[in-house]
Every structure is written in structure tokens, then in C-alpha cells.
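Shown next, in C-alpha cells, is the structure this report addresses.
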Amino acid sequence: MMKQLALDIGLATGPTLARFFAGPNEAALQHLRLAAGEGSSLATRSPVPTYLWGEPGSGKTHLLKAVRQSLREQGATVGWLDPSVAEPPDFNEDWAAIVMDDVHLYDTAQQATAFNWFVNAISPASGSQRWVLAAGNLPPADLPLRDDLRSRLGWGHVFQLQLLGESERRSVLRQEADARGVFLGDDVMDYMLNRFSRDLGSLMLLLDQLDAFALRTQRAITIPLLKTMLESE
């Protein structure tokens, strides 16, 4: 069984809101599109904090990175914090938004930074309120964080992301294979869906690895090729 890895859908091309297969999470996707200013002016928005939560593989990191990319394409700068950021920067007045991923894993120092960023982002004294977008594996009330940060993460819009069902995961695999110009036969897809994690991020990583392995070996993607790749790791 392949070890589970939570990576983004469409790793090869980068997460975008357009490439997110919403399934049961359509309401969250539409909210993010509006809040990110797609089709409207960043300057005219009055963003309310947004928090996404759900199981690993439900698409949280994909959506956060997609929002960051969307804002950047509009010329905005964004503050980003996740557990891997050991020395986060001070709050920057030029940021249009702050995005915080995997907040349930923040250590004491990262929690202090997150609280500082949050307070500065929503302070009217700073000239304009900035959007706060955060995500974690638990609902706000259950987060193992300091009380003041935990309560603020639940202030605004809260969306629970649901894992996709098998037919939806199949559609995403097909969509992503097509985007890469990869032919993925039904037998290979069945094998991937039946033998590996329900975590969509793991399936996307497997597709990336399989695509790269097929290119290196100059072979078509088949179940024997997939087995060979796994045995060679």
C-alpha cells in the first residue's frame, strides 16, 4: 500500500481554482472565487475571514494555494504561513490577504505569528481590512491552539470540505491525465482506485510519478508498469 501523502491536485501545473473538482464542495469553491476577487476588483471587496476544514485529501491546501495564485495574478501580495515556515516574516502592510494552512499543526511561535497577522489584517487602523483565509483538519472549536487564535478562526465563514466519492475521484483522475496528455486505461484507473488511498492528493502524486516513470522508460502506462515502478522505489 502506497504511503499516504497529502499533495495538491495537479501538482505538475500548479493548483488553480479552475482546476479544483468541487463535487460536494461547490459552495466553498464559489465563496473563494468571489472572495478572491475573480471577476471583481480587489479594492472594492470587504472580505470576511474564511476557514476551511476537513480530512486530509479533501483539497484544503489546493484551494489555499489556488487562492494565493489568483491574488498574485491580480497583482496582489499575500502572506503565507504553514507548519514548515520556521521563521515567518513580520506582518506586511502591503499584503492584500494572509493565508494560513494546516493551522492544527502550528507550534507556539507559529500560533503567536498567526494571531499577530490576524489582528493586523482585520484592524481598521491599518487603512484597509485584509482577507484572512485559513485551513485545518478540525473545526475551529476543536483546534489545539491558543484560545484567542482558535476563536478568531471561527469568526467568519466556515466550510467543511468533504472527500470525493469514487466516481468523482475517477473523474478527477481522468481530467488530470487528459491535462497531462496521458492515456489512462480503465484497467489502470480501476487498479489505482481500488489499491491505493482514498486521499486524492496521494492519487495525484501517484499519477505524477507514473507519468514521469513512463516517460523515462518509454513505455505505455499499464498495470505491469505501475507495479514495476512501485517495486523500484
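We did not get these values from a lab; they are worked out from the coordinates using the rules stated. Everything numeric in this text was worked out from a predicted model, so none of it was measured. Positions of Cβ are generated from backbone atoms using ideal geometry, with glycine treated the same way; all protein chains shown enter the neighbour counts.
Remark: the Thr222-Arg195 segment gains 8.3 nm on full extension, using 0.36 nm per residue and subtracting the alpha carbon distance. Volume per residue for the chain equals 135 cubic angstrom (convex hull of Cα atoms).
For the ranges 106-119, 49-62, what's the packing order if you count other beta-carbon atoms within 10 Å of each residue, average per peptide, and put the highest first?
49-62, 106-119
Taken one residue at a time, the phi angles of the stretch 52-64 give Karplus couplings (6.51, -1.76, 1.60, θ = phi - 60°) of 10, 9, x, 5, x, x, 8, x, 4, 5, 4, 5, 5 Hz. Gly and Pro are set to x. Applying the criteria of a DSSP loop state and at most 16 other Cβ atoms within 10 Å to the trypsin sites (Lys or Arg not before Pro) of the stretch 104-213 yields Arg146, Arg198.
In debye to the nearest 20, how big a dipole does the chain give about its Cα centre with +1 on each Lys and Arg Cβ and -1 on each Asp and Glu Cβ?
300 debye
Toward the positive end of the charge dipole of the stretch 149-191, with +1 on the Cβ of Lys and Arg and -1 on the Cβ of Asp and Glu, the farthest Cα among Val158, Leu184, Ser171 is that of Val158. For the stretch 166-232, the convex hull drawn through the C-alpha positions has a volume of 77 cubic angstrom per residue.
Averaging sequence separations of C-alpha pairs under 8 Å and six or more residues apart, then dividing by the length of the stretch 23-160, give the relative contact order as a whole percent.
In percent, rounded to a whole number, it is 33.
Here is the list for the stretch 138-233: chymotrypsin sites (Phe, Trp or Tyr not before Pro) lying in DSSP coil, each with at most 16 other C-beta atoms within 10 angstrom of its C-beta, are Trp155, Phe183. Between the listed residues Gln110, Pro56, Leu207, the Cα displaced farthest toward the positive end of the dipole of the chain, a dipole computed from Cβ unit charges relative to the Cα centre, is found at Leu207.
The modelled label-to-label distance between Glu73 and Asp142, using points 7 Å beyond Cα along the C-beta direction, is 3.4 nm.
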